[in-house]
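Okay, structure first, notes after.
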Amino acid sequence: MLFLLGVLQGVIGCFFYSVGPAPLAALGFAALLLVTSLLAASGMRRPTGGLMPAVGWFLTSFVLAMGTQGGSVVIANTTAGKWFLFGGSASAAAGAVAAFARWSRPAPAGGSRLARRKTRG
């Protein structure tokens with residue numbers, strides 16, 4: 001589901017990144033992706049929670065950024081398009097790295113309470 005959330009964010013962002021005079025919408029979509037990755041990792045308490053929305057966004061955005069045989073593209077080579085792709089990529093990477101840094105820590109010494117309880121009898 002988190003992967004599909006990232007895909008949905010990518011699809012919506014690809015069509016609405018250039019709303020307004022400045023690339024504010026593109027920056028907003030990038031910030032939303034970062035928040036989604038961080039909250040997903042926090043909610044699942046696993047680093048893959050932060051990785052899945054980022055992967056979905058990457059695949060969707062970069063597939064839609066590729067040109068077709070007719071030469072049309074969804075994400076144009078404009079300032080807003082560049083901010084959407086590069087800012088979103090940086091946000092996705094930062095969210096995934098932060099998720100791995102936070103939730104990939106080794107277990108505390110002595111093991112879990114359940115493991116200690118089983119060894120005691």
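The values are calculated or read from the model by the stated rules, or taken from the named source; none is laboratory data. Bear in mind the structure is a predicted one, so any value in this text is a computation, not a measurement. A quick note on method: Cβ atoms are made from the backbone with ideal geometry, for glycine too, and the neighbour counts reach across all protein chains shown.
Within region 38-49, can one find any residue that is over 21 Å from A99 (Cα atoms), over 9 Å from the mean Cα position of the chain (by Cα) and not small (G, A, S)?
Quick first cut of region 38-49, residues over 21 Å from A99 (Cα atoms) only: none.
No, because not a single residue in region 38-49 is over 21 Å from A99 (Cα atoms), over 9 Å from the mean Cα position of the chain (by Cα) and not small (G, A, S).
The set of residues in region 24-73 that are touching a Gly at 6+ places or on another chain (Cβ under 9 Å) and outside any helix (DSSP H, G or I) contains only V73.
For region 14-59, filtered to residues that are surrounded by fewer than 21 Cβ atoms within 10 Å (Cβ to Cβ) and among the hydroxyl-bearing types (S, T, Y), the residue that is farthest from R105 (Cα to Cα) is S18.
Mind checking which residues of region 51-77 are of a type outside the set (A, V, I, L, M) and modelled with pLDDT of 85 or more? Scanning region 51-77 gives P53, G56, W57, F58, T60, S61, F62. Among residues of region 90-105 that are surrounded by 14 or more Cβ atoms within 10 Å (Cβ to Cβ), those with a Cβ under 7 angstrom from a residue that is not in a helix (DSSP H, G or I), sequence gap 6+ or separate chain, pair up as W103/R45; W103/R46.
To keep it simple, each residue is scored yes or no on (1) of a type in the set (A, V, I, L, M, F, W, C); (2) touching a strand residue (DSSP E or B) at 6+ places or on another chain (Cβ under 6 Å); (3) more than 10 Å from G10 (Cα to Cα).
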residue: W57; (1), (2), (3): yes, no, no
residue: S61; (1), (2), (3): no, no, no
residue: Q69; (1), (2), (3): no, no, yes
residue: N77; (1), (2), (3): no, no, yes
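Annotation note: Cβ proximity below 6 Å between a residue of region 1-25 that is touching a residue at least 40 places away in the same chain (Cβ under 8 Å) and a residue that is loosely packed, with under 14 Cβ neighbours inside 10 Å and among the hydroxyl-bearing types (S, T, Y) (sequence gap 6+ or interchain) occurs for P23/T79. Within region 52-68, residues that are over 15 Å from S91 (Cβ atoms) have Cβ atoms under 6 Å from residues that are crowded, with 17+ Cβ neighbours inside 10 Å in these pairs: L64/C14; A65/I75, counting only partners at least 6 apart in sequence or on another chain.
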